[in-house]
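Q: My structure is below; once you've seen it, I'll send some questions.
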Amino acid sequence: MSKSQQPTQLSKFLNEGIQAYAIKALWNIQIWYQHAIKIWFTGRSTQSFVSLFLISIFLSIAVASCSGSSSASKNDVKLKLVSFSVTKAAHDQIIPKFIEKWKQEHNQNVTFEQSYGGSVAQAAAVIDGSQEADIVHLALPLDVSKIALAGLIKSGWETKAPRSGIVSRSVAAIVTREGNPKGIQTWADLAKDGVKVIAANPKTSGIAIWEFLAFWGSVTQTGGDETTALDYVTKVYKNAPTLTKDAREASDLFFQKGEGDVLINYENEVILAGKNGTKLPYVVPQINISIDNPVAVVDKNVDKHRTREVAQAFVDFLYSTEAQREFAKLQYRPVNPTVTQEVASQHPPIKTLFTSQDLGGWDIIQKKFFGDGAIFDKVQAASKA
């Protein structure tokens, strides 16, 4: 947004002060004029009276103009939201509610430009400037941390936000074909010979990172060592000949094109597909990972666009009961305690639910698993051998 469209707070203050001063001065002139005309009316020429009459009209217009400008509604504001692919359905419901609320409370129109795609790729686009996001809602905190390391988001963003910046949550689900002909019930079954797995690529997709961590943690969080985990994960990726760029593409490949025996995806995405008419059997493993999706204001961009106030208000709104209920309708596991209680019976309980912190935290996860030459690269090389 240009400077002329969204003045700074200082500019607004100065403009309002100048307008108030001008109005006061013009009213004083009018009072003087009314007094003067009484004196001048008697003994003055018609020409003088006409001149004063014209001055009166001009002053009235000037006062009306200043008064009108001081009461005008605020300029419209545009926000750029960059998110991961499967959140679109939720934002389509939440954004209109926020727009209406903001209009009622601030007499200002808000519009949204939205972009959806693989979380890793979306974060990279924000970092390189091709996506000048005011707000990011991404698949994993690691992606927001990368944007922060690039200097676009202030460090410590997660400590300043509600619930450590996590605004939506899910777990991993295993989807099978009708009748489950391969007999897949647990994570271990994905490593069986003859099972074709549809999975996404951790280099571009948030769900891919979560599913890799789910594979790994299914071994290490139940007593297995890292050698066993490495062997298991390598077998799984041998069964995944093609890695898609994001969760949406993986779903389309499995549901629309009929490829693969099994799909790993977000629980909420699988349930949403069922509501849209594509019902297939699925299992939510009792050993699972908490898939935590963060939201953040992109500080450098909101300061550039002068959209901080509205952007922060939208982020805050995402935590509200109203917005969290929309997430819950689409089968996300809400982070708002009120809504969590409302929908608790809709989600199967998880026996062993581990988090990214149980795997060392995101700094360690990135270096250990997803850096150049790290465990995922070795797994992929071995799976193609």
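Q: Contact order normalised by length for the stretch 230-338, with contacts defined as Cα pairs under 8 Å and 6 or more residues apart; what percent is it?
A: 21 percent
Q: If you take the beta carbon distance between THR321 and ALA385 as r and set R0 to 41 Å, what does 1/(1 + (r/R0)^6) give as a FRET efficiency, to the nearest 0.05?
A: Efficiency for this residue pair is about 0.20.
Q: Report the full-extension gain for the segment ALA188 to GLU100: residue separation times 0.36 nm, less the Cα-Cα distance, to one decimal in nm.
A: Extra length from ALA188 to GLU100 when fully extended: 26.8 nm.
Q: What is the gain in length, in nm to one decimal, between LYS275 and LEU149 on full extension, counting 0.36 nm per residue of separation less the C-alpha to C-alpha distance?
A: 41.4 nm
Q: Give the average over all directions of the projected area of the C-alpha convex hull of the stretch 138-219, one decimal, in nm².
A: 7.1 nm²
Q: Here's another thing I want to ask about it. Report the one residue of LEU140, GLN185, ALA240 whose Cα lies farthest in the direction of the positive end of the charge dipole of the stretch 113-265 (charges on C-beta: Lys and Arg +1, Asp and Glu -1; origin at the Cα centre).
A: GLN185
Q: Can you give the accessible area per residue of the stretch 239-376, in Å², using a 1.4 Å probe?
A: Here the per-residue accessible area is 44 Å².
Q: Also, I was wondering about something else. Leaving out ligands, DNA and RNA, what percent of the accessible area of the stretch 151-285 is carbon and sulfur, probe 1.4 Å?
A: 48 percent
Q: Defining a contact as two alpha carbons under 8 Å apart and six or more residues distant in sequence, what relative contact order in percent does the stretch 173-237 show?
A: 29 percent
Q: As an exercise, use a Förster radius of 35 Å and the Cβ-Cβ distance of PHE112 and LYS257 to find the FRET efficiency, rounded to the nearest 0.05.
A: E between PHE112 and LYS257, to the nearest 0.05, is 0.65.
Q: Could I have the simple spin-label model distance between ILE350 and ALA374, label points 7 Å from Cα toward Cβ, reported in nm to one decimal?
A: 2.0 nm
Q: Hey, another quick one. Place the peptides 266-276, 157-167 in order of packing, highest mean first, counting for every residue the other Cβ atoms within 10 Å and averaging per peptide.
A: Output ranking for 266-276, 157-167: 266-276, 157-167.
The values are calculated or read from the model by the stated rules, or taken from the named source; none is laboratory data. Just so it is clear, the structure is predicted and the values come from calculations on it, not from any experiment. Please note: Cβ atoms are built from the backbone with ideal geometry, for glycine as well, and neighbour counts cover all protein chains shown. Areas reflect the complete protein model, heavy atoms only, side chains present, ligands, DNA and RNA absent. Shrake-Rupley method; radii C 1.70, N 1.55, O 1.52, S 1.80 Å.
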